[in-house]
Amino acid sequence: MKVRITSKDALIVVDMQNDFMPYGALPVKDADKIVPIINEYVSIFEEKSNPVFYTRDWHPENHISFKGYGGIWPSHCVQNTEGAKFHPDLKIPSDNKFIISKGTSPDFDAYSGFQGTVLDSLLKERGVKRIFVCGVATDFCVKNTVIGGLNLGYQVFILTDAIKAVFPDKENQVINQLLDQTAVAITIEDTDAG
Ligand code: VGL
Ligand code: ZN
């Protein structure tokens, strides 16, 4: 299947931060291996002056999702730390890019890039109808961002060559669940940058 990227398309890169890399505080296996593929997608969107949105987990140090504060996760992506920075090789265009911070207050968590953020209004302002989602983790923030997008009426493409899961054994199950909800799976070979 070939998908031609048009002016109503946006790329959403989910949580490609140091703490989710194999060397980070909440490691996602092989998360660093998808950086070059994500960079290829970024180039396609940048080339056409389409917007690229980068979500980031941006937690206070007493965040509710952390062990010791009621949550299940090790402390990760604490605001203004090295772990919260994007992977150093991640391509970030100078124009038409937006950083979306989520999970920013102590008492709320957000697995979806749409939850408690301006992502939907920025997309709507730009007339975006289709979103292309990549990043980590397939089973948490990617999954919930895809579902959030579907619920808000976007057509959603999952870039299956550019996602990684916290629990890789269950990754296919998660992807199939999203496909059941009308998301569409594609890889870089399917994109027609034309
Ligand atoms: C995520 C666990 C905790 C994610 C964020 O980005 O998928 N997972 N916080
Ligand atoms: Zn988090």
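Read-outs: derived from the displayed coordinates by stated rules, not from any lab. Worth saying up front: this structure is predicted, and the values here are computed from it rather than measured. Here the Cβ is made from the backbone with ideal geometry for all residues, glycine too, and neighbour counts use every protein chain on show.
Numbers for the structure displayed
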item	result
Any hit, segment 169-181, residues being touching a residue at least 12 places away in the same chain (Cβ under 8 Å), within 13 Å of ligand 1 (Cβ to nearest atom), of a type outside the set (S, T, N, Q) and touching a Lys or Arg at 6+ places or on another chain (Cβ under 9 Å)	yes
Which listed residue is within 13 Å of ligand 1 (Cβ to nearest atom) and in contact with a strand residue (DSSP E or B) (Cβ under 9 Å, 6 or more places away or on another chain), from Tyr54, Tyr41	Tyr54
Residue within segment 6-24 that is closer than 25 Å to Gly149 by Cα, surrounded by fewer than 20 Cβ atoms within 10 Å (Cβ to Cβ), in contact (Cβ under 8 Å) with a residue 60 or more places away in the chain and under 19 Å from the mean Cα position of the chain (by Cα) present	yes
Count of residues meeting criterion [part of a helix (DSSP H, G or I), out of contact with any Lys or Arg (no Cβ under 9 Å at 6 or more places or on another chain) and farther than 22 Å from Cys141 by Cα] in segment 32-54	2
Qualifying residue in segment 136-150 (condition: part of a strand (DSSP E or B), closer than 18 Å to Ile100 by Cα, more than 16 Å from ligand 2 (Cβ to nearest atom) and hydrophobic (A, V, I, L, M, F, W, C))	no
Qualifying residue in segment 99-111 (condition: assigned to a loop (DSSP other than H, G, I, E, B), free of Cβ contacts under 8 Å to residues at least 24 places away in the same chain, away from ligand 1 (no atom under 14 Å from the Cβ) and among the hydroxyl-bearing types (Ser, Thr, Tyr))	no
Single condition Ile64 does not satisfy, out of (1) of a type outside the set (Lys, Arg); (2) in contact (Cβ under 8 Å) with a residue 12 or more places away in the chain; (3) under 30 Å from Gly194 (Cα atoms)	(3)
